[in-house]
Amino acid sequence: MALFDLTALRAAHELVAQHVPPTPQYAWPLLNERVGHDVWVKHENHTRTGAFKVRGGLVYLDALMAGALGGAEGAAQGVIGDAKPNGVISATRGNHGQSIAYAARAAGLACVIVVPQGNSVEKNAAMRSFGAELIEAGADFDESKHIAADIARERGLHFVPSFHPALIKGVATYALELFNAVEALDVVYVPVGLGSGICGLITARDLLGLETQIVGVVAEGAPAVALSFEAGQVVPTNSARTFADGIACRDPDPDAMAMIQRGAARIVTVSDAEIAEAVRIYYQDTHNLAEGAGAAPLAGLLKERAEATHALGPDGKAAVILCGGNIDTPLFAKILDGQTPA
């Protein structure tokens, strides 16, 4: 059963559009030539935060302020009845944090974001620019998440998770735009971190009654989602080693995995070298910046094309979700120099 209906998704799109105009989807000639069939790029790197996550933050904060989250979440962590929460807090590697900071500022709420030590300098700066109090703590995202939950209890803040039906509804608006703009897509490749992006895509496809295949893409050094998909149950890993921080997941969300299991065709793993090459291809063929997670879907498409895993001919139509372009300058320079970041 879908988490929401098509009417609710369209209403969410109207809300998001007040802040984020619909992003374009282009079939770039050089990219089409490289792949051998039409490839539509959904440019979520063109949002006001440079990534798709802002859609989810806007819908979540709107529901929070309206007292419409439901369940214990609507009454806990600084929310009492219909009262305005004391503020919000979340953990992130960057794009989710920018989303919550942007949406919190629009709602007039204080925002605290916890990031791992050594997190992206430029993403940290972006979160601060949207008004967030930034705390660097924890060795990785999962540790930062636990620290953020502790701070939420100490300060009476509302903890915003990284996976929630309201977030899915928000990010599903990019899928609604894509499917409305491009008819009869055979397959869409999407990166998978904690799952809001792919789950939004699956939900929008199903609500529209389409048969498009959804293929998730993860990094070989962060294979938890791929292992979980294959096993049919959550399989956490001890580490998530990839420069593509947006997909550095080592502990998948059970609800997300259940949706992915039901709605995705498969999960493809790609190496960091393949992701770096996709970053270079995006710049060469479209002159767009792609962060690691944003380039992963193209890396997945190119890998499957090279291995003849999918059989789309010249009349086929694929799409790739360029979920974000927030890549640090030194990292991008290293990739353009032909290197693969450690």
Area accessible to solvent at D38, 1.4 Å probe radius, in Å² | 60
The stretch 248-337: GluC sites (Glu not before Pro) in DSSP loop, at most 14 other beta carbons within 10 Å | E307
Just tell me which lysines come within less than 18 Å, Cα to Cα, of K303; anything on the same chain fewer than 8 places away is out.
-> K317
Accessible area, 1.4 Å probe, largest first: how do T47, T340, T7 sort?
-> T7, T340, T47
Roughly how many Å² is the accessible area per residue of the chain, as a whole number, for a 1.4 Å probe?
-> 39
Normalised alpha carbon radius of gyration of the chain [divisor 2.2 N^0.38 Å] = 0.93
Mind grabbing the accessible area of Y283 for me, 1.4 Å probe, Å², rounded to tens?
-> 90
With all protein chains present, how much of the accessible area of the stretch 217-279 (probe radius 1.4 Å) comes from carbon and sulfur, to the nearest whole percent?
-> 44
Roughly how many Å is it from the Cα centre of the stretch 92-136 to that of the stretch 21-48, as a whole number?
-> 28
So what is the orientation-averaged projected area of the stretch 112-244, using the convex hull of its C-alpha atoms, in nm²?
-> 9.9
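The values are calculated or read from the model by the stated rules, or taken from the named source; none is laboratory data. Quick caveat, the model's predicted, so the values are computed rather than measured. All Cβ positions, even for glycine, are placed from backbone atoms using ideal geometry, and neighbour counts span all protein chains on display. Please note that ligands, DNA and RNA were not included when accessible areas were found on the heavy atoms of the full protein model with its side chains. Shrake-Rupley method; radii C 1.70, N 1.55, O 1.52, S 1.80 Å.
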